[in-house]
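J.: Shown below is the structure under consideration.
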Amino acid sequence: MSANLRAIDLFVSPLGQDRWSGRRPDPNADRTDGPFATLERAQKEIRKLPRQINWLAIRQVLMGKGYRHPIRKLQKISRLAQVGLSLKSPVNVWLREGRYFLEKSLVFKTKDSGNGPDCLVNYAAYRGEKVTLSGGKRITGWKEDALKGKKMWTAQLPEVQNRQWSFSQLFVNGARRLRTRVPREGFFHVQEVLDGAYEGTFSETVRKGAKRFIYREGDVREWKNLSDIEVVTPILWTESRMKFERVDPVGRIAVFDRQSHFRLTDGHKKEGARYFIENVWEALEEPGQWYLDQKEGCLYYLPRPEENLETAEVAAPCLGELVRIEGVDPFFPVQFISFSGISFEHTVWELSGDQSSAGQAAHAVGGAALLINAKDCGFLKCSFSHLGGTAIELRSGCEAIQILGNALYDLGGGGIKIWHGCHRNVVADNQIHEGGRRYFSAVGILIGASSENSIIHNEILNFHYSGISMGWTWGYSGSGACGNQIEFNHIHHLGSDLLVDFGGIYTVGMQSGSVIRHNVIHDIRGRSGDTGAGFLLDEGTGDLRIEKNLLVRTAAGAITCHYGKNIVISNNVFMGDGWLLLLARRQAHLTLIFERNIVQLKSRHALEWVHGVCSTGDALFRNNIYSCLPQQEPLFGPLDFVKWRSTGQDEGSLIQSPPLLNWESKDLFKNDFFSVDEALAAKIGFARFDWSKAGVCDEVREMHRSAGLRKG
């Protein structure tokens, strides 16, 4: 298609009318014509534009392997007459400045598609104007009151009282406000676990949840509206959220409406789990706190000193999805629709039925923008914030989706999810931060059984769990997570006192043809400060190459490998607080090759290995440089460096003292951080690499900073 096609421009504005033509950016003088008022009206107008037969789609049907049966081919060609006609011209839908509160999700079907890269349908913010699509409702009608001598505001919400609306998030003047919480800081601890199993496998014990426990004296009380209160228990690598069914104050037994995800103990231990409690009326004491009374349909808010709720913008989410792009099937996808410069805000995502957890990596949490059977669509320089769930979700059948230059922050769940059956998508130059605000195990970028994706030049920070998680097949069985590129990402400041068993980059299952390189990962620290690795290569990770990465200040060590095979770790720089490499399980094959790396450790323990001496048949080490602080030789399991080398390991490797890296440097991108002797580096075949290129490009960083989107 020619790049010289004349675009059709449509306009949408808060000042518009859906009865107007939509062809003017502003109302005319006598207000008889001007922009549309809603995006739905613009969408209807696009569907009426001239179209032509999509011969390429027909050719795909005739030649496609999935259409060998003649009747099947005829059925598909018949459907083309309904959904396969393509636009003759590109279309721009320009949104004028303002906040658009959506009453329902914007749904795009195959018939809404563009017709090639030069014939896009582009929904974009008008030049230099701020446009926000919100899935929330404004809360108005506030009345001033008092609580315990403090100013308090209340708002009556009939939809809440009628059980038509419920929310667990509130935003005042664009900032998240927190529900009441007890204790205010830290955790309660379960005094006694009821219905817990301790003999048997992990699945037979820790995996078995419970619906009740005995609490310590004074921790749980007969609070107002007990069924509105939520109990949160972070255990191992996820959290459970449950509501009270009843409380027995005599036996101090709390009974919940659903079963917890894990046994209510402190991980593998027998001690009771930690927990805290949200939405307690009696705990409404601090400015900026709020409480929702479902029975009365009343919202209570204690304002901060600078806030006046008569003039403030207060919003709570009511939509689960803002945008849904869903094609007929993978052969008739939605194509060539893009969104540019738009802010997406305020969604709700709650656990359903008897669910208490969204699972590992919060994989069940849905996206504010959901794509199914979509191809060649994109989000460019948008922002996603103040969400209850994940920002962008590619659920299935998505190909060549481009997610470029966006800011994703203040997320209840994760940043971007690319799930099973998707491939060849590009996620680049995005800043993803302040995630997992509600579902703690959420990650910055989650890739399931999805292939040939490029995850490049992103910055990910301030999550409780992993930065990037890739693969969703445990063990060595076939996996769809192959050929993925994780390159030039800056991943840092992950972890908190909530979860364990995570990494800057977490992999599980076979990763055939995938590569992790040129990433900078630093300041990873989990519960108690001793969990959180740079790379966590979990069950069955294999056929993976890790090269030219910089890892610094990773509390649990640089690399944890549960078990795997055919892993090559080459030409990296590791500076860790803990071990260099933990190998947890012996295999009947070579797990990994560790070569041409430069290592500096605060600990002497370079290798943690629970099976005696690590042989060259378990893992092969060669041509590395090691340095430890204080100036000592590293230990490889029970062996010092000399004895370690006598087993055939680390041929060509060296010890250097003084240390190689400048521990005092706060800026990893400064020249004085790395001071390896070039002659020594040459001896092991180490090739210098430029890690200053990791992270988003300067243009995107400046754009987000100037827009006030970057928080830290």
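The values are calculated or read from the model by the stated rules, or taken from the named source; none is laboratory data. Source: prediction; values computed, not measured. Cβ atoms come from the backbone with ideal geometry, glycine included; neighbour counts cover every protein chain shown.
J.: Of VAL520, VAL500, which residue is over 19 Å from GLY414 (Cα atoms) and either among the polar types (S, T, N, Q) or touching a residue at least 24 places away in the same chain (Cβ under 8 Å) (or both)?
T.: Just a single option satisfies the conditions, and that option is VAL520.
J.: Does LEU537 fit the bill of being touching a Cys at 6+ places or on another chain (Cβ under 7 Å) and in contact (Cβ under 8 Å) with a residue 24 or more places away in the chain?
T.: Values: touching a Cys at 6+ places or on another chain (Cβ under 7 Å): yes; in contact (Cβ under 8 Å) with a residue 24 or more places away in the chain: yes.
It is true that LEU537 is touching a Cys at 6+ places or on another chain (Cβ under 7 Å) and in contact (Cβ under 8 Å) with a residue 24 or more places away in the chain.
Let's see how each residue does on (1) among the hydrophobic types (A, V, I, L, M, F, W, C); (2) in contact with a Cys (Cβ under 9 Å, 6 or more places away or on another chain):
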position: GLY116; (1), (2): no, no
position: GLY128; (1), (2): no, no
position: THR132; (1), (2): no, no
position: GLY141; (1), (2): no, no
position: LEU147; (1), (2): yes, no
position: GLU159; (1), (2): no, yes
position: THR180; (1), (2): no, no
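J.: Can you tell me which residues in segment 192-224 are exposed (fewer than 15 other Cβ atoms within 10 Å of the Cβ) and either without any contact (Cβ under 8 Å) to a residue 40 or more places away in the chain or in the same structural domain as TYR291 (by TED's automatic domain parsing) (or both)?
T.: ASP195, GLU199, GLY200, THR201, PHE202, SER203, GLU204, ARG216, GLU217, GLY218, GLU222, listed by residue number.
J.: Can we say SER469 is touching a helix residue (DSSP H, G or I) at 6+ places or on another chain (Cβ under 7 Å), assigned to a strand (DSSP E or B) and of a type outside the set (Val, Ile, Thr)?
T.: So SER469 passes the test.
J.: Show me the strands (runs of 3 or more DSSP E) entirely contained within segment 474-523 in which 1 or more residues are within 11 Å of THR541 (Cα to Cα) and within 17 Å of the chain's Cα centre (by Cα). Before you say what the answer is, go through the steps one by one.
T.: Working: elements: 485-487, 490-494, 503-507, 510-517.
Result: 503-507.
J.: Which condition number in (1) touching a Gly at 6+ places or on another chain (Cβ under 8 Å); (2) in contact (Cβ under 8 Å) with a residue 40 or more places away in the chain is the one that THR180 fails?
T.: Evaluating THR180 over (1) touching a Gly at 6+ places or on another chain (Cβ under 8 Å); (2) in contact (Cβ under 8 Å) with a residue 40 or more places away in the chain leaves (1) as the failure.
J.: To continue, here is another question. LEU446 - would you say it is of a type in the set (A, V, I, L, M, F, W, C), over 15 Å from GLY534 (Cα atoms) and in a strand (DSSP E or B)?
T.: Considered against the rule, which asks whether it is of a type in the set (A, V, I, L, M, F, W, C), over 15 Å from GLY534 (Cα atoms) and in a strand (DSSP E or B), LEU446 comes out as yes.
J.: Can you tell me which residue is surrounded by the most Cβ atoms within 10 Å (Cβ to Cβ) among those in segment 597-623 that are modelled with pLDDT of 90 or more and under 19 Å from ASP577 (Cβ atoms)?
T.: So, considering only residues that are modelled with pLDDT of 90 or more and under 19 Å from ASP577 (Cβ atoms), the one surrounded by the most Cβ atoms within 10 Å (Cβ to Cβ) is ALA606.
J.: For segment 608-635, how many residues meet the condition of being out of contact with any Pro (no Cβ under 8 Å at 6 or more places or on another chain), assigned to a strand (DSSP E or B) and not small (Gly, Ala, Ser)? Can you show your working first?
T.: Looking only at segment 608-635, we keep the residues that are out of contact with any Pro (no Cβ under 8 Å at 6 or more places or on another chain), and these are 608-611, 614-625, 630, 632-635.
Checking the rest, the ones that are also assigned to a strand (DSSP E or B) come to 608-609, 619-622, 625, 635.
Still in the running and not small (Gly, Ala, Ser): 608-609, 620-622, 625, 635.
Count: 7.
J.: Considering each of ILE559, ILE546 in turn, give the residue that is out of contact with any Leu (no Cβ under 8 Å at 6 or more places or on another chain) and surrounded by 24 or more Cβ atoms within 10 Å (Cβ to Cβ).
T.: Every option except ILE546 fails the conditions.
J.: Every residue in segment 5-42 that is within 34 Å of the chain's Cα centre (by Cα) and either part of a loop (DSSP other than H, G, I, E, B) or hydroxyl-bearing (Ser, Thr, Tyr) (or both), please.
T.: SER13, PRO14, ALA37, THR38, listed by residue number.
J.: Given the structure, is VAL232 outside any strand (DSSP E or B), touching a Lys or Arg at 6+ places or on another chain (Cβ under 6 Å) and buried (at least 18 other Cβ atoms within 10 Å of the Cβ)?
T.: No.
J.: Going through segment 197-222 one residue at a time, which ones are within 19 Å of GLY186 (Cβ to Cβ) and not charged (D, E, K, R)?
T.: We begin by selecting, within segment 197-222, every residue within 19 Å of GLY186 (Cβ to Cβ); these are 213, 215-221.
Correct list: PHE213, TYR215, GLY218, VAL220.
J.: Here is a list: TRP237, TRP223. Which entry is in contact with a Leu (Cβ under 6 Å, 6 or more places away or on another chain) and of a type outside the set (A, V, I, L, M)?
T.: Selected residue: TRP237, the only one of TRP237, TRP223 that is in contact with a Leu (Cβ under 6 Å, 6 or more places away or on another chain) and of a type outside the set (A, V, I, L, M).
J.: Also, quick follow-up: Looking at (1) over 22 Å from SER653 (Cβ atoms); (2) touching a residue at least 24 places away in the same chain (Cβ under 8 Å), can you tell me which one MET575 breaks?
T.: The failed condition is (1).
J.: Tell me which strands (runs of 3 or more DSSP E) are completely within segment 529-595 and hold 3 or more residues being aromatic (Phe, Trp, Tyr) and modelled with pLDDT under 95, or say none if there are none.
T.: none
J.: Which one is nearest to the chain's Cα centre (by Cα) among residues in segment 345-369 that are under 27 Å from GLY504 (Cβ atoms) and in a strand (DSSP E or B)?
T.: Applying the filter and picking the extreme gives GLY367.
J.: Could you check, for segment 536-557, whether at least one of its residues is in contact with a His (Cβ under 6 Å, 6 or more places away or on another chain), under 18 Å from ILE468 (Cβ atoms) and not charged (D, E, K, R)?
T.: Yes, that holds for at least one residue.
Okay, residues lined up against (1) over 25 Å from LYS548 (Cα atoms); (2) touching a residue at least 60 places away in the same chain (Cβ under 8 Å):
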residue	(1), (2)
ILE598	no, yes
GLU608	no, no
ASP618	no, no
ARG622	no, no
ILE625	no, yes
GLY637	yes, no
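J.: Please count how many residues of segment 137-183 are part of a strand (DSSP E or B) and not β-branched (Val, Ile, Thr). Talk me through it step by step, then tell me what you get.
T.: Initially, segment 137-183 is screened for residues part of a strand (DSSP E or B), giving 137-138, 143-147, 150-156, 170-172, 175-179, 181-182.
Then keep just the ones that are not β-branched (Val, Ile, Thr); that gives 137-138, 143-147, 150-153, 155-156, 170-171, 175-179, 181.
Counting residues in segment 137-183 that are part of a strand (DSSP E or B) and not β-branched (Val, Ile, Thr) gives 21.
J.: Can I ask one more? Among the residues of segment 135-167, count how many are crowded, with 19+ Cβ neighbours inside 10 Å and farther than 20 Å from ALA315 by Cβ.
T.: Result for segment 135-167: 0.
J.: Determine which single condition ARG127 fails, assuming it passes every other condition in (1) charged (D, E, K, R); (2) within 25 Å of ARG241 (Cα to Cα); (3) not in a strand (DSSP E or B).
T.: Status for ARG127: all satisfied but (2).
J.: Give segment 43-54 a look and list any residue that's among the β-branched types (Val, Ile, Thr) and in a loop (DSSP other than H, G, I, E, B), or say none.
T.: Keep residues of segment 43-54 that are among the β-branched types (Val, Ile, Thr), which gives 46, 53.
Within segment 43-54, just ILE53 meets the criteria.
J.: For segment 559-568, which positions are of a type outside the set (Ser, Thr, Tyr) and without any contact (Cβ under 8 Å) to a residue 40 or more places away in the chain?
T.: Selection gives ILE559, CYS561, HIS562, GLY564, ASN566, ILE567, VAL568.
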